Amino acid sequence: GGLLVTTRVLESVLNVVEGRVRLAAPGEFTERAFINGKLDLTQAEAVIDVIKASTDGALRSARARLDGTLSDEIDSIKGRLVDLRVDIEVSLDFPEDELVDSPQEPSSLQTEVADGLKKAIEGIQKLLATYDEGRVLKDGIRVLILGRPNVGKSSLLNMLLKVERAIVTHLPGTTRDLIEEPLNIRSIPVRLIDTAGLRETADLVESIGIEAARKQIESADILIFVTDLSTPESFGQDKKILDNIQGKKVLIVGNKRDISPETSFKELQKTFSGVTSIAISARSPVPETVSGPLKKEQKIVETSGIERLEEAIFSLATGRDATGALPGLFGSAVITRLRHKRSLEAALTALLRARSALVSSAPIELLATDLLLAVDRLGEVTGEVTTEDILTKIFSEFCIGK
C-alpha cells in the first residue's frame, strides 16, 4: 500500500510499453459508459457524487440519481411533450383537425394540448423546487460562527463537534485563526468555521485573523452570530456589527443562558426582531423549561440547546420544517447542479410561451417550435443534447480513471 512503490511500478510499466499504454484521463471510464449509452449524463454525474459523498444522506441521494430517478422523471416529461408535438404536426398535415374549431368551443386537440402542457409545466416546476435541497445534500453548506471576542464562539464550536477542538479561555482574543471542521447535521454535510472575535485591535496576528473572518462571510451559506446573554447592554453593539452584513441567512445565538438574567432573551429577540434567535449554554447544561404539571413518563432533561440549534441550521439550509426529512433522502427525483436548473428553467420558459400561444390562438407552428425547444432543453439535462465543453467540465471533476 505504499505510495512510493506504487508510483515506481507505474512509471516502469509506462516506460516499458511507451506509446501503447497511457494513464486514464479523469473520469474516462464513466465517460465511455455515457458515450456508449450505458449511462445518461445525470447518472454519470451521480458516479462522482457517490465517490465524494460525506454523509449517509448525500450517498443515498447520489445513489438514487445513479439508479435513474431523475432520468426517469425527465424522460416522462419529455415523452409527453414529444407526443403533443406529434399530434400538432398531424394537425398541420390534416387541416380538418385544426387546433381550434371555434373561439367558443375548443377542439379535442386543443384540450389535449392544454392538459399536456399543464402537466409538463407542473412536473418541471416540481423538479426546480428541489434544487436547494439537492445542492445542499450534494455540496453541503458552509456555516460561519461570528461575534465579538469572548462571547463563546469556540465553546459553541466544541459543543457542536462534541470534541474539544478549539482552545477556550476567559481571555478575549484567544482564537486568532480560522478553525474549520466537518459536521453532519441531519444528513446535511456542514463545514463549520470558527473565527476570531470581531473588534478593533492593535495586535497584528489577531487583526489578520479578524480580516480572514470578514473575507469568509461572502462564501458562507449561514452565519451563526453569537451574543452574550449575560451582558444585554452589549446587544446594541452586536446589532451594529450585523447591520453591516447584508444578503446572508443569519441565526442569532444567545450564549451563557445559565448565568443570564431572565429577561435577557426577550431583550435579545426584541433587538434582533425578524431574525431567528436561540438561547443556549455552550458550557454548562441547564434544565429544560417544562410548562404545566409533569406526567409520569416526562422527565426534566439537562440540555445545552444543541438540538434546537441543529434544527435551526437545518431549517435555514433547506427551507423546511426541522421535524421533516428531505424527500431526496428517500429516492425522490432531485436536481443537484446549476446546469440542471438552467436547462429546466429554459424548458419551462418555452412551455409557458407555448401555453400563452395556445390561449391567444397564435399559429400552431409557433406552438410546435416552443415544444421542440423545451424537449431539447430537457435533453441537455440527460445528455441527449450536449456539447464537448459541457462534457469536459463534468468529467474533469473525476479523479484519474473511474
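The values are calculated or read from the model by the stated rules, or taken from the named source; none is laboratory data. Remember, it's a predicted structure, so these values are computed and weren't measured experimentally. Please note: Cβ atoms are built from the backbone with ideal geometry, for glycine as well, and neighbour counts cover all protein chains shown. Quick note on the areas: whole protein, heavy atoms, side chains included, nothing else; ligands and nucleic acids left out. Shrake-Rupley method; radii C 1.70, N 1.55, O 1.52, S 1.80 Å.
Here region 102-119 is the region considered, the condition is being in a helix (DSSP H, G or I) and open to solvent by 40 Å² or more (accessible area, probe 1.4 Å), and the residue that is modelled with the lowest pLDDT is 108. Those residues that are under 23 Å from the mean Cα position of the chain (by Cα), farther than 16 Å from residue 134 by Cα and without any contact (Cβ under 8 Å) to a residue 60 or more places away in the chain, I need them from region 336-359; list them, please. Across region 336-359, the qualifying residue is only 346. The helices (runs of 4 or more DSSP H) found wholly in region 1-95 and carrying at least 1 residues that are farther than 30 Å from residue 119 by Cα and out of contact with any strand residue (DSSP E or B) (no Cβ under 9 Å at 6 or more places or on another chain) occupy 3-16, 28-35, 41-52, 56-66.
Taken over region 349-390, the residue count meeting the criterion of being at pLDDT below 75 and crowded, with 17+ Cβ neighbours inside 10 Å is 1. For region 143-151, the count of residues that are crowded, with 20+ Cβ neighbours inside 10 Å, part of a helix (DSSP H, G or I) and not aromatic (Phe, Trp, Tyr) is zero. Say whether the condition of being modelled with pLDDT under 65 and either open to solvent by 40 Å² or more (accessible area, probe 1.4 Å) or farther than 19 Å from residue 273 by Cβ (or both) is met by at least one residue in region 176-190. Checked against the condition, which is being modelled with pLDDT under 65 and either open to solvent by 40 Å² or more (accessible area, probe 1.4 Å) or farther than 19 Å from residue 273 by Cβ (or both), region 176-190 yields at least one hit.
In the condition set (1) over 14 Å from residue 160 (Cβ atoms); (2) at pLDDT below 80, residue 306 is compliant with all but (1).
Answer yes or no as to whether residue 368 is within 25 Å of residue 114 (Cβ to Cβ) and in a helix (DSSP H, G or I). Spell out the reasoning first.
Working: within 25 Å of residue 114 (Cβ to Cβ): yes; in a helix (DSSP H, G or I): yes.
In short, yes.
As a summary of the residue check, residue 122 satisfies the conditions (1) in contact with an Asp or Glu (Cβ under 9 Å, 6 or more places away or on another chain); (2) modelled with pLDDT of 85 or more; (3) farther than 30 Å from residue 55 by Cα except for the one numbered (1).
Candidates are the residues of region 276-289 that are open to solvent by 50 Å² or more (accessible area, probe 1.4 Å) and among the β-branched types (Val, Ile, Thr); the one that is modelled with the highest pLDDT is 276. Report every pair of residues separated by at least 6 positions or lying on different chains whose Cβ atoms are under 7 Å apart, first residue within region 67-89 and within 20 Å of residue 126 (Cα to Cα), second acidic (Asp, Glu). Listed pairs, sorted by first residue: 71/40.
With respect to the conditions (1) closer than 23 Å to residue 62 by Cα; (2) of a type outside the set (Gly, Ala, Ser); (3) modelled with pLDDT under 80; (4) open to solvent by 60 Å² or more (accessible area, probe 1.4 Å), residue 338 falls short on a single one, namely (3).
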